[in-house]
1. Considering only region 96-117, state which residues are out of contact with any Leu (no Cβ under 8 Å at 6 or more places or on another chain) and free of Cβ contacts under 8 Å to residues at least 40 places away in the same chain.
2. Across region 66-95, what is the total count of residues that are in contact (Cβ under 8 Å) with a residue 24 or more places away in the chain, closer than 19 Å to ASN311 by Cβ and either exposed (fewer than 12 other Cβ atoms within 10 Å of the Cβ) or among the hydroxyl-bearing types (Ser, Thr, Tyr) (or both)?
3. For region 228-238, what are the residues that are of a type outside the set (S, T, N, Q) and free of Cβ contacts under 8 Å to residues at least 40 places away in the same chain?
4. At pLDDT below 90 and in contact with a Ser or Thr (Cβ under 9 Å, 6 or more places away or on another chain): does that describe TYR335?
Amino acid sequence: MVSFSKICFVAVSAGSVLAAPAPHGPLVKFGEIKKLPSKWVATGAADGAAVIKAQIGIKQNNIKGLQDKLADIADPNSPNYGQWLSKEEVDKYSAPAEADVAAVKAWLADSGITDVTMPTNDWLEFSVPVSKMESLLGSKYEWFVHLETGEKVPRTKQFSVPQNLHNLIDVVTPTTVLYHNMGPSVHSSPQAAGASGLTSPASIKSAYNVDYKGTGNTVVGTTGFLGVGASHEDYANFGSQFSPGLKDFRDVSINGGSNSDDGSALEGNLDTQYCGALASPNPSQYLATAPTGSDGSSFNDAMLAFGNYLNSASAPPSAVSTSYGGEEDGTDPNYMDRICNEFMKAGSRGVSIFFSSGDNG
């Protein structure tokens, strides 16, 4: 016979299990689209089977300290000028607390998300269907389409994370950022044109009083997004005309990106040819960057991949030129702060990153 005390014990135990709170607490709103950016429209629920490659940026433990350090070593008037940090030294500033990483991973594991990678010590990556992402974040994903370009991405107007994780996470993506890439713009520069009217490497050097010659000891990179390629054949022809002795650039794949080597890609050719010629005899690289690989990936996804590459590479280029831009309307301040911090990490290692400006006012 089962005793009354045992029955009471079982009943109490079962009641305790049923009444136990969720291990990470209730979901509380973490981000939202307060105003839909211009030219973006929602067209209906996203396909629950569509795959999202998600990224979670965990708060870095001493990013203010890294900011102060960079301000010192990048100041020509400082005695520490040019004493760039090693990758390991930067990692010490940016590494989250181990307990914070464990807490976020435990939250993911509770939702059955265990195949999680870390491209750097402060980012988590995982691929899941939209339906799983909705369950994780208490959200509803929709397809958003840009009316001019037709760009189509899965995003949510609002999402939540457990309240006890709010202070551990900087950003979750893709969620509320609708970042429209305006693409590269190609313009001539009358101020830098030579007597023939052509803007050549020599006329640029003359216009800007560039009188030094590279030593060949540093690497210069140009970025390629959106599948834009750069032709090796055109590069060689350009060198024979305007920069004798110009050595061919090397293709570098970031996040599975590839160079189509298409001679019709005006921007890729322009960037590689002029950067290579101006930096010669320093070697040049073409950094072909793919988005995260998920359904409906966008430019902001590719930017994160680019930042993670610079910070995980043992020997990134010393200078990188990017001729791409985007509208700030639709970006999340947390995302912008975090991507700027990623570039700050690279800068602390002596990497100079240049973005075009002024193309659209």
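The values are calculated or read from the model by the stated rules, or taken from the named source; none is laboratory data. Bear in mind the structure is a predicted one, so any value in this text is a computation, not a measurement. When we count neighbours, we look across all protein chains shown, and the Cβ atoms used for this are built from the backbone with ideal geometry, even at glycine.
1. Selection gives ALA97, GLU98, ALA99, ALA102, ALA109, GLY112, ASP115.
2. Result for region 66-95: 3.
3. HIS232, GLU233, ASP234, ALA236, PHE238
4. yes
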